[in-house]
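Here, each number is a calculation from the coordinates, and none is a lab measurement. Note that this is a predicted model, so its numbers are computed, not measured. Cβ placement follows ideal geometry from the backbone for every residue including glycine, while neighbour counts extend to all protein chains displayed.
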Amino acid sequence: MMLILMFGIVDFGRAFHTWLTVTNAAREGARVGATQVPAATITTRISDAMGPLGTTRLTTTLGNVQGPRGQAVTVDLTYNFSFATPIGPLVSLIGGSLSTPAITAHSSMRLE
């Protein structure tokens, strides 16, 4: 039980850090997108904001890029999180189940 608790603490901390990073990357993408830049510039800013997490497990959806002024540009990100510890198999040993979560973030800002 102590091992499951320790693994849970480690992976919860990693998941929380990932959630903060993905949320910040969505906000950064929406902010730069609000200045009427091309989609490639927005994805570059998102990639930079993701830092060491990288974008290999990240799905990006952009909406209303370079649309009419006053409307909102939207950025939706989904990151496929993976556990660093073997907590899933340990939880299944005691009769539970634990699936790997997908961390999502949404941000929108009005086009300038």
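Descriptive notes on the structure:
- Over every Cα atom in the range 2-110, the radius of gyration and the widest Cα-Cα span, Dmax, amount to 17.0, 56 Å.
- Against the chain, whose longest principal axis is taken from its Cα atoms, helix 39-50 shows a tilt of about 30°.
- Each of the peptides 29-35, 17-23 was scored by the mean count of other Cβ atoms within 10 Å over its residues; in descending order, highest first, they stand as 29-35, 17-23.
- On full extension, the segment bounded by N64 and L20 gains 13.4 nm, given 0.36 nm per residue less the C-alpha separation.
- Computed over the chain, the per-residue total of -39500 (n - 2.57) for DSSP H runs of n ≥ 4 gives a 222 nm mean residue ellipticity of -15500 deg cm²/dmol, rounded to 500.
- Tilt relative to the chain, helix 2-33 - C-alpha long axis, 0 to 90 degrees, to 10: 0
- Extending 7 Å from Cα along the Cβ direction at L93 and again at V37 yields two label points whose distance is 4.9 nm.
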